[in-house]
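Undergrad: Have a look at the structure that comes next, please.
The values are calculated or read from the model by the stated rules, or taken from the named source; none is laboratory data. Note that the structure is a prediction, hence the values are computed from the model and not measured. In this analysis, Cβ positions are derived from the backbone assuming ideal geometry, glycine residues included, and neighbour counts consider all displayed protein chains. Note: areas computed on protein heavy atoms with side chains; ligands, DNA, RNA excluded. Shrake-Rupley method; radii C 1.70, N 1.55, O 1.52, S 1.80 Å.
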Amino acid sequence: MKSFSFRLERLLRLRTDQERQQARRLGEATQEETRLDQEIRDQESHLERIGDQLSSQPGERSSAGWLRTLALTAEAAADQLAGAEASREEARRRVSEERARLAERATERKAIERLRELRSDEWSEALRRHEQKTTDEVAGRRHREGGDG
C-alpha cells in the first residue's frame, strides 16, 4: 500500500501563509493604534501645558500679542488632537477588521488541517485493514500448508 499523501497539502500551506500574513497585518494595525494612542497623550499634554500658560497669574507675560499667539497655538493643538482622535478611531476599526480576518484565516486553516487528520486516520485504518488481511492470508496459507502435510 502506498504511503499517505494529502492532496490538499499545497492548499494548507497557502492557508497557513495567508494566516501568517494576516497576523502580520494585525500586528501593523495594532502598532499604528498604539502609536496614535501615544500621539493623543502627547497632544493632550501639550494642550494642558498651553492651558496652564493661558491661566497664568496676572502680570506674567500677559501681552495681548503673546496671549493671542498662545490662543492660536491652543486652537491648532486642539485641532491636531481631534485629528489624532479620529485617526485612532479609524485605527481601532482597522484592528478590529484585521482581527476578524485573522480569525477567519485561522478557521480556514484549521478546517483543512482537520480534513487532513481525518484523511490520515482513514488511511491508517485502511492500512491496518490491509495489513490484517495480509496477515490473515499468510496465516491461512500456513495453516492449509501445515494441515495438508
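Undergrad: Is it fair to say Glu19 is farther than 16 Å from Ala100 by Cα and part of a helix (DSSP H, G or I)?
TA: For Glu19, the condition - farther than 16 Å from Ala100 by Cα and part of a helix (DSSP H, G or I) - is not met.
Undergrad: Moving on. Based on this model, can you work out whether Ala29 counts as over 30 Å from Leu115 (Cβ atoms) and modelled with pLDDT of 95 or more?
TA: So Ala29 fits the description; yes.
Undergrad: Of (1) open to solvent by 40 Å² or more (accessible area, probe 1.4 Å); (2) in contact with a His (Cβ under 8 Å, 6 or more places away or on another chain), Glu97 satisfies all except one. Which?
TA: (2)
Undergrad: Now, a different point. Scan region 27-56 for residues that are surrounded by 14 or more Cβ atoms within 10 Å (Cβ to Cβ) and among the polar types (S, T, N, Q) and report the count.
TA: 3
Undergrad: Let me ask another. Could you run through region 1-26 and say how many residues are closer than 30 Å to Leu81 by Cα and loosely packed, with under 13 Cβ neighbours inside 10 Å?
TA: Going through region 1-26 one residue at a time, the tally reaches 1.
Undergrad: Go through region 5-36 residue by residue and tally those that are charged (D, E, K, R), touching a helix residue (DSSP H, G or I) at 6+ places or on another chain (Cβ under 8 Å) and over 19 Å from Arg92 (Cβ atoms).
TA: Count: 3.
Undergrad: Taking the stated definitions as given, is Ala91 open to solvent by less than 100 Å² (accessible area, probe 1.4 Å), within 30 Å of Ser45 (Cβ to Cβ), among the small types (Gly, Ala, Ser) and under 15 Å from the mean Cα position of the chain (by Cα)?
TA: So Ala91 fits the description; yes.
Undergrad: Any idea which residue in region 105-134 is nearest to Leu26 (Cα to Cα), counting only those that are loosely packed, with under 14 Cβ neighbours inside 10 Å and of a type in the set (A, V, I, L, M, F, W, C)?
TA: Ala111
Undergrad: Is region 40-48 home to any residue that is in a helix (DSSP H, G or I), under 30 Å from Arg20 (Cα atoms) and hydrophobic (A, V, I, L, M, F, W, C)?
TA: no
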